1. How fast does the range B:33-189 diffuse by Stokes-Einstein, in µm²/s, taking the Kirkwood radius from C-alpha pairs at 25 °C and 0.890 mPa s?
2. With an 8 Å cut-off on Cα pairs and a minimum separation of 6 or more residues, tell me the relative contact order of the range B:13-103 in percent.
3. Ignore the peptide's own chain and count Cβ atoms of other chains within 10 Å of each Cβ in B:142-152; give me the average, rounded.
4. For every other residue with a beta carbon closer than 14 angstrom to the beta carbon of A:S244, add +1 if it is Lys or Arg and -1 if Asp or Glu, then tell me the sum.
5. Using every alpha carbon pair in the range A:8-250, what percent of pairs falls into each 10 Å bin from 0 up to the bin containing the largest distance?
6. What distance in nm separates the simple spin-label points at B:M197 and A:L65, each placed 7 Å from Cα in the Cβ direction?
7. Relative to the longest principal Cα axis of chain A, at what angle does helix A:22-47 sit, 0 to 90 degrees, rounded to 10?
8. Could you compute the FRET efficiency for A:L57 and A:R186, with r as their C-beta to C-beta distance and R0 at 35 Å, rounded to 0.05?
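Bear in mind that the values in this text are calculations on the coordinates, not laboratory data. Quick caveat, the model's predicted, so the values are computed rather than measured. Reconstructed Cβ throughout: ideal geometry from the backbone, glycine too, with neighbour counts over all protein chains shown.
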Amino acid sequence: MNDTDTPALRSAPIDARVDEDETDDAMSSVLGAFAWGLARDVRIAMRSKADLGVQLLFYVLVVSLFPLSTSPSRDVLAMLGPGVLWTAALLASLLSLPRLFAGDFVDGTLEQIALSPRPLPALVLGKTAAHWLTTGLPVAVMAPLLGAQYALDGRSLSMLAIALLLGTPILSLLGAIGAALTLGARGGGGLLALLVLPLYAPVLIFGAGAVDAVGAGMSASANVALLGAGLIIAVVALPFAAASAVRIALD
Amino acid sequence: MLINWYRFSSPVSFYPLASIGAQVFGIFAALLAGAGLFVALYVAPTDATQGDAYRIIYVHVPAAWMAMFIYLVMAGWSAAALGFNARLSAMMAQALAPTGAIMAALALWTGAFWGRPTWGTYWAWDARMTSTLILLFLYLGVLALRNAIEDPRRADRACALLTLVGAVNVPIIYFSVQWWNTLHQGSSISFTVAPKMAATMVAGILIMTAAAWCYTIAVALARVQAIIVERERGATWLESLIDLRQRGIGRSPA
Amino acid sequence: MSEFLAMGGYAWYVWMSYGAVALALIVETVVVRARRKRALKELRMMTPSTPVGRMRGAR
């Protein structure tokens, strides 16, 4: 992997091993594309660590401000906690979605990426994974710490972490579709939120529901199973939709 | 009747068909609505438990059903638009979206006014109403995206993809809302119809639903006429323009 | 008649519902027809010298 800042054109070499077995090549092409997209986007994100910090700070702020709007009584907070922690995670995901494709779109890199022989869905999956690593994962790690502000017990906090770890990648995958569809469209972040939030609803329901269940002493296995299944399906299917959306935006 | 239906697949050649269709379905809609309202407001007996307030069902149920059906039909046209790169299919989806949004909004409104006298509250987070609310958001998203993209063909494809993604998600959303609702309400307060319905009541709902279907088709066909003219007159092919004029379209106020 | 309008005491709810439906559908119809008329008018203005067709009768 190149460690230079070269745009896609120069750092996406066409695999010259044309005489290798086709299926082998296809698989390595998919994994290669995924790895390339992931590494590049993480590298780019790491260049502006301040931005990542600001995003995380947004999450912390929203979660911390919320009790000011209600009462600080432990009962109220314990009831609201899972919902607030989850909703803020949704908003944090939305906040960083535009950057998923917009930068590359504006300077023409996205077009080069789409034209390259690497499978676009795999590239998109790589970029989405990078988005999750820089947005969803920090939130999932931060949330249990903030959950203490909401008087949530230990078991609830662990379930919160698990649920967010399963759910935030789904948010990134769904969001990628919205981010691609709104490339070059007017309306900015508001439009993106309108498109993506209804799709987020099931994740919110099952994710927050898992924490609620554990808090009430019941089992959250069904929620976790559904989130897990949703994640698997999302990873396999959604990148194709996002790739189509990218192609539509580039036409 | 051996009609070559492919002849109608170009927007301009579809226009006369849309014109006739809009008029025919409009007339049917009016007739069915007249009959339906007669049954709903006059013939059908008053409900024992809910009194005359239950009559809202005759507009609420058709609106809710249309909101769902229209989205499915939009999804069908969207699939055709993406699969065959067909302009007319995309235009039909574009024509249906506003009506679908209005139906969803009416379902919510009438549901609220039905809920207040019968269950004591304008809004209870029951599964069906919450799902309809999210469906309204899906419609508004498609309308907003159409409005936000300048190029009509790009908007066609983007909205088609969004509609299909939404269509796949609707069952998931419905299921998850249903789950959430049963967890939090225990034995459900559901806005379902009273179990035993007199035959006249069923007939009334069916007639009103048929009226809603005819109305939707009529309005969508009228709207697609406007869309065809708006989009095709700006086309770089002068033939489309001459084509439109030679068919006598636009000679006099429609 | 007044009994009909009263709807067994539920007049507000019933008529707000039916009224909203009627209003929405009438407004939608009017707006769509106006849009179609406007589109055709602009088409006519764009093509004033185009030969008139023989296909659809005299109008």
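1. Details: Rh = 17.0 Å.
Answer, rounded: 144 µm²/s.
2. Values: 39 pairs, mean separation 19.5, N = 91.
Over the range B:13-103, the number comes to 21 percent.
3. Values: counts 2, 1, 8, 9, 1, 4, 11, 10, 3, 2, 0.
Per residue, the average neighbour count from other chains is 5.
4. Surrounding charge for A:S244 is +1.
5. That works out to 8, 30, 32, 19, 9, 2, 0, in percent per bin.
6. The answer from the label model is 4.7 nm.
7. Between helix and principal axis, roughly 60 degrees.
8. Numbers: r = 29 Å, r/R0 = 0.82.
Efficiency, from the Cβ-Cβ distance: 0.75.
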